[in-house]
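What follows is one structure encoded as structure tokens, with my remarks underneath.
The values are calculated or read from the model by the stated rules, or taken from the named source; none is laboratory data. From a predicted model like this one, the values you see are computed outputs, not experimental measurements. A quick note on method: Cβ atoms are made from the backbone with ideal geometry, for glycine too, and the neighbour counts reach across all protein chains shown.
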Amino acid sequence: MPGEEETPQPPPNFWGHAPEDEYYASQGVTNTKTYFDTPHGKIFTQSFLPLHGKVKASVYMSHGYGSDTGWLFQKICINYATWGYAVFAADLLGHGRSDGLRCYLVDLEKVAAASLHCFSHVRESEPYKDLPAFLFGESMGGAATMLMYFQSKPDLWTGLIFSAPLFVMPEPMKPSRVRLFVYGLLFGIADTWASMPDNKMVGKAIKDPEKLKIIASNPRRYTGKPRVGTMRELARVCQYIQDNFSRVTAPFLTAHGTADGVTCPTSSQLLYEKASSEDKTLKLYEGMYHSLIQGEPDENANRVLGDMREWIDARVAKYGKK
């Protein structure tokens, strides 16, 4: 109506209105987007390749709950690409531009299998089949990544990298057993209901207030309450992973903030203690929140990235020689 001010439209990308090709080139990477058909549904995928220099290895990344690969998560992808790594990332089923009801994760094994179907296809193709290859998982993507590892052929992956992985749920995040029991009496009818308490997860994940604003502006971010079936499945998967830590034999790095209010630092500590891997590294960052790279002040985020770069470069040098 006359006299009314129009609400400004948010920028199409976290960096603003610059064209994508221009932005990626300024970061020293190339980006491609595509959809990949899997037996469990179609998933949206992206690749980030270094513009210059030889590719040292490939890295396959999974984002956290409610997120996707197309907003701030890609800053992680871009960093790894600038270090000389070919990075491939996929929106998990039920997230971003992939198939599925938003954040309905009633079978996380299938969610993991869909991404693994894409990742293993790329990993075993030219020019990557003879290069080292790493799985990377952040938050709930860490749980999905661990399931991918369990589902993979032996020795498919050179190593694993976890950023604040979800293997143990903090007490405030655990779904009420009474609530799940009552919903369970409805024989699955309530599984898709977005009616579980969310406990203000975003506020517990992001320390930097300016980055919180950027993350909150993601048009594909899920903002509803957790679904009944999702919370039941996450509780089940966390227990399953804890029971199978000893099956982990690959080299790994796991990183956690000690002030993480979304996933327990115990997740990383138990993995480090119980995994059978001979080459394993635990990094605990005092006072840092859940989102170590996307949500911390730059000084903290760069510290985490520096540790990750040092770790992966050393493993490529150690295990990458044929």
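Observations on the model:
- Restricting the stretch 148-166 to residues that are surrounded by 24 or more Cβ atoms within 10 Å (Cβ to Cβ) and out of contact with any Pro (no Cβ under 6 Å at 6 or more places or on another chain) leaves a set whose member that is nearest to LEU108 (Cα to Cα) is MET148.
- Residue in the stretch 237-258 that is touching a residue at least 40 places away in the same chain (Cβ under 8 Å), surrounded by fewer than 22 Cβ atoms within 10 Å (Cβ to Cβ), in contact with a Lys or Arg (Cβ under 6 Å, 6 or more places away or on another chain) and among the small types (Gly, Ala, Ser) present: no
- Pick from the stretch 211-255, criterion among the β-branched types (Val, Ile, Thr) and not in a helix (DSSP H, G or I), ranking: modelled with the lowest pLDDT: THR223
- Exclusive hit being small (Gly, Ala, Ser) and out of contact with any helix residue (DSSP H, G or I) (no Cβ under 9 Å at 6 or more places or on another chain), set GLY28, GLY41, GLY84, GLY53: GLY53
- Residue ID - nearest to LYS283 (Cα to Cα), chosen from residues in the stretch 307-322 that are surrounded by 14 or more Cβ atoms within 10 Å (Cβ to Cβ) and of a type in the set (D, E, K, R): ASP307
- Top-ranked residue of the stretch 61-77 - restricted to ones that are touching a Ser or Thr at 6+ places or on another chain (Cβ under 8 Å) and of a type in the set (Phe, Trp, Tyr), ranked as surrounded by the most Cβ atoms within 10 Å (Cβ to Cβ): PHE73
- Check on GLY53, surrounded by 18 or more Cβ atoms within 10 Å (Cβ to Cβ) and at positive phi: no
This table checks each residue for (1) assigned to a loop (DSSP other than H, G, I, E, B); (2) crowded, with 22+ Cβ neighbours inside 10 Å; (3) in contact (Cβ under 8 Å) with a residue 40 or more places away in the chain.
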| position | (1), (2), (3) |
| --- | --- |
| VAL262 | yes, yes, yes |
| LEU270 | no, no, yes |
| LEU284 | no, no, no |
| GLY287 | yes, no, no |
| HIS290 | yes, yes, yes |
| GLN294 | yes, yes, yes |
| GLU299 | no, no, no |
| ASN302 | no, no, no |
| LEU305 | no, no, yes |
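The rows are residues; the columns are (1) over 19 Å from the mean Cα position of the chain (by Cα); (2) of a type in the set (Ser, Thr, Tyr); (3) closer than 22 Å to ALA133 by Cβ.
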{"position": "LYS274", "(1), (2), (3)": "yes, no, no"}
{"position": "SER277", "(1), (2), (3)": "yes, yes, yes"}
{"position": "LEU284", "(1), (2), (3)": "no, no, no"}
{"position": "TYR289", "(1), (2), (3)": "no, yes, no"}
{"position": "GLY295", "(1), (2), (3)": "no, no, no"}
{"position": "ASP298", "(1), (2), (3)": "yes, no, no"}
{"position": "ASP313", "(1), (2), (3)": "yes, no, yes"}
{"position": "GLY320", "(1), (2), (3)": "yes, no, yes"}
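- Applying the condition of being of a type in the set (Asp, Glu), more than 18 Å from THR145 (Cβ to Cβ) and touching a residue at least 40 places away in the same chain (Cβ under 8 Å) to the stretch 78-134 and asking which residue is surrounded by the most Cβ atoms within 10 Å (Cβ to Cβ) yields ASP99.
- Just one of the numbered conditions (1) in a loop (DSSP other than H, G, I, E, B); (2) at pLDDT 95 or above; (3) surrounded by 15 or more Cβ atoms within 10 Å (Cβ to Cβ) is not true of GLU278: (3).
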